[in-house]
Structures are given as structure tokens and as C-alpha cells.
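Single-structure report; data block below.
The values are calculated or read from the model by the stated rules, or taken from the named source; none is laboratory data. Just so we're clear, the structure is a prediction, and the values are computed from it rather than from any experiment. Positions of Cβ are backbone-derived with ideal geometry, glycine not excepted, and every protein chain shown enters the neighbour counts. Quick note on the areas: whole protein, heavy atoms, side chains included, nothing else; ligands and nucleic acids left out. Shrake-Rupley method; radii C 1.70, N 1.55, O 1.52, S 1.80 Å.
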Amino acid sequence: MQAAVMTDVETLQFEARERPTPDDDEVLVRISDVGICGSDLHYYNEGKIGDFVVEDPIVLGHESAGEVVEVGDAVESPNVGDRVTIEPGVPCRRCEFCKRGEYHLCDGITFMATPPDDGAFVEYIAWPADFVYTLPESVSTAEGALCEPLSVGIHASRQAGIEPNDTVLVTGAGPIGMVAMEAAHAAGAGDIYMSDVVGAKLDRAEQRGAAGTIDVTEQNLADAVEAFTDGRGVDKVIEASGAATVYGHALDAVRRGGTITCVGIGEEEIPFNFTRATNKEVKIHGSFRYSNTYSEAVDLLRRGVVDVAGIIDDEYAFEDLPMALKAAQDPSVVKTMVSM
């Protein structure tokens with residue numbers, strides 16, 4: 001089979017590898033669709049994200065779906081021929097965090113395309129059946145691949161504690177911001193506002209149901225939110241941009257007693273007025289990956305509650321992966337997909 005291997009920063013090499021054989025508890029999936037994530041671009045362009053550093057050749061890609069072509073002897077489901085989405089993180093299942101159901105925090109987790117673990121830009125993957133989910137007939141494999149970013153949005157919405165009729169500000173109209181808005185809507189949020197620096201993304205956010213948008217190159221974020229909410233502020237902020245300057249404005253935009261949930265990947269050290277946060281009694285949450293979200297993501301797609309296909313801008317063939325990675329860096333692009 002063919003694999004696309006990152007051998008250095010901004011360097012890919014296609015190489016032949018042996019097709020894997022599934023273990024007893026695994027299924028073999030022929031990959032059909034892979035989304036390009038912001039983390040793929042960080043690794044490709046910079047060779048690292050925080051403490052995660054690419055030191056050896058690695059296969060990128062972790063938003064994936066395909067068809068089961070072989071199953072291990074102990075697997076009861078899924079079956080050969082099923083179209084599936086693959087949850088890219090497999091934990092140890094033994095540590096404190098796994099036993100608490102917070103397996104995304106497991107120190108021993110294997111996560112696709114996170115050093116040193118290979119990802120999904122390959123023709124076949126053998127993966128534990130417990131982390132492979134059958135797709136309904138109404139859901140395409142491209143949508144199935146996007147269960148991964150949708151899961152990030154679902155987890156962020158859970159961390160934020162979205163409740164019916166909450167007003168929400170999502171900062172950053174990239175793929176995570178877009179699916180976070182979808183997840184917040186699904187959780188029952190009321191008016192959702194979105195901010196960004198790219199007008200085209202904000203136009204799309206309005207088309208997808210944002211109650212209002214804020215171009216922060218032209219408007220002060222907190223002032224705009226104050227106008228939208230008659231001076232009250234929003235109940236919840238989901239920060240999905242990673243921009244250092246946003247955090248102070250988010251603190252001004254959230255109401256007293258509100259919540260800020262941090263999802264975006266940005267600078268490691270950010271100035272923040274904790275005295276003001278204390279005086280407003282603002283709750284601040286991190287949101288890292290997800291756990292126990294894939295079944296919900298598939299169900300939301302099955303019921304048509306969320307739209308992930310609408311964030312896709314372009315689709316490239318596997319052999320054009322270098323072009324796809326370059327295209328994904330266009331500021332106006334939300335999501336680039338690769339058809340395997």
C-alpha cells in the first residue's frame with residue numbers, strides 16, 4: 001500500500017508499505033476520506049505543537065473514514081463492507097483517567113498523527129474495533145471523517161456547560177469554531193455570535209446560523225458583544241482562534257459568572273487579567289480533544305441536526321496531498337479534504 005510520509009518540515013514522500021493485518025480485536029479499514037486539520041499544518045510547517053515534536057518520519061492525518069475490508073477473529077462489529085469513521089485516539093484503558101471515563105487525558109494514549117504515532121494518510125489502517133463506528137446510509141464517508149472535528153466541538157460544548165437558551169460567543173470561524181457553533185446549537189444554545197478576522201468566514205458563519213458576526217479588524221469584540229446583548233455579555237465563550245489578543249476581549253465579553261472555554265491552539269504564554277476574572281467570577285476551562293463523543297457525533301449527523309459537509313471547501317486526490325496542504329493554509333479556507 002502507499003503511505004504519505006512527512007520526512008522533514010514541508011517535505012512529503014510517498015512510499016510503499018506492507019498492508020497491515022488486523023489483530024483479533026481490530027478491523028482493517030480501507031481509507032476513503034481524510035480531512036486536513038490545523039494540527040497537521042502545525043506539524044508540516046513547524047515540526048511541532050507545544051511539547052509534541054516531530055523527531056522521526058511520520059504520517060499525518062487523523063480525521064478519517066473508510067470501509068471495513070477485514071475483521072479480527074474476536075470482532076463482532078463492525079462487519080466487512082461497513083462504512084465507518086475512525087476515532088483516532090486509543091487509550092491504555094487501565095490508568096486513572098481511563099477508568100474515570102476521561103480517556104482523552106490518558107498519558108499512554110496512541111493518537112494518530114501525533115508524534116511518534118502515524119496517522120491516516122495511508123491506504124489501509126488496522127485499528128481496534130472499539131474505536132471504529134458504523135456510519136448510517138445517509139452519512140457520507142467525508143462527513144464521517146469530520147466526526148473528528150465535530151467531536152472537538154461537542155467536547156468544547158460540554159466543557160462550557162451549554163444550557164438551553166444560553167447566549168454564546170465563538171471566537172475563530174475556522175473548522176473548530178464552525179463545528180463548535182453546530183454543537184452549541186445542538187445542545188440548545190440560543191443566540192450564537194462568531195468573531196474572526198476573515199470576512200468570508202464570517203459570511204459563511206451567518207449563512208450557517210450565527211445570530212451575529214464580528215470582524216475584529218473593524219470592531220472591538222467586547223463592544224460588539226455588548227451591543228448584541230444589551231450590555232449583559234454572553235453566558236459562554238468558546239475560544240477557538242488561539243489568538244493571544246482574544247482572551248482579554250473574551251473576558252470583557254462574558255457576563256459576570258459566565259464561562260470561557262479554551263480550545264484554540266496558539267501561543268504558549270498569554271497575558272490575562274486574573275484579578276478581573278476573579279472579580280467577575282468567570283469560570284475558565286481547557287478543552288483538549290474529546291472522549292465518549294463519536295456515537296453522539298454520528299447520531300447528530302444521522303438526524304441531520306448538524307451540517308459538517310457545509311464547511312468543506314476543496315477536495316484533493318491522495319497523490320495531490322502536497323497541494324492540499326498548501327491550499328489548506330489559505331486564510332479563507334475552512335476545511336480541505338483528501339480523497340484516498
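Some observations on this one:
- Test for residue 323: is it of a type in the set (A, V, I, L, M) and touching a helix residue (DSSP H, G or I) at 6+ places or on another chain (Cβ under 9 Å): no
- All positions within the range 1-48 that are part of a loop (DSSP other than H, G, I, E, B) and touching a residue at least 60 places away in the same chain (Cβ under 8 Å): 1, 17, 19, 20, 21, 22, 23, 25, 36, 37
- Subset of the range 153-183 (residues that are surrounded by fewer than 24 Cβ atoms within 10 Å (Cβ to Cβ) and either in contact with a Lys or Arg (Cβ under 6 Å, 6 or more places away or on another chain) or of a type in the set (A, V, I, L, M, F, W, C) (or both)): 166
- Of residues in the range 240-287 being in a strand (DSSP E or B) and charged (D, E, K, R), the one most open to solvent (accessible area, probe 1.4 Å): 256
- Among residues of the range 280-294 that are under 26 Å from residue 253 (Cα atoms), those with a Cβ under 6 angstrom from a residue that is among the basic types (Lys, Arg), sequence gap 6+ or separate chain, pair up as 280/256.
- Output for the range 65-84, where each listed residue is surrounded by 15 or more Cβ atoms within 10 Å (Cβ to Cβ) and outside any strand (DSSP E or B): 72, 75, 78, 82
- Filter pass, residue 24 being over 26 Å from the mean Cα position of the chain (by Cα) and of a type outside the set (S, T, N, Q): yes
- Looking across the range 208-234, the residues that are assigned to a loop (DSSP other than H, G, I, E, B) and either surrounded by 21 or more Cβ atoms within 10 Å (Cβ to Cβ) or not charged (D, E, K, R) (or both) come down to 209, 210, 211, 216, 217, 219, 220, 229, 231, 233.
- Answer from 237, 334, 305 - the residue that is open to solvent by less than 20 Å² (accessible area, probe 1.4 Å), more than 14 Å from the chain's Cα centre (by Cα) and of a type outside the set (S, T, N, Q): 237
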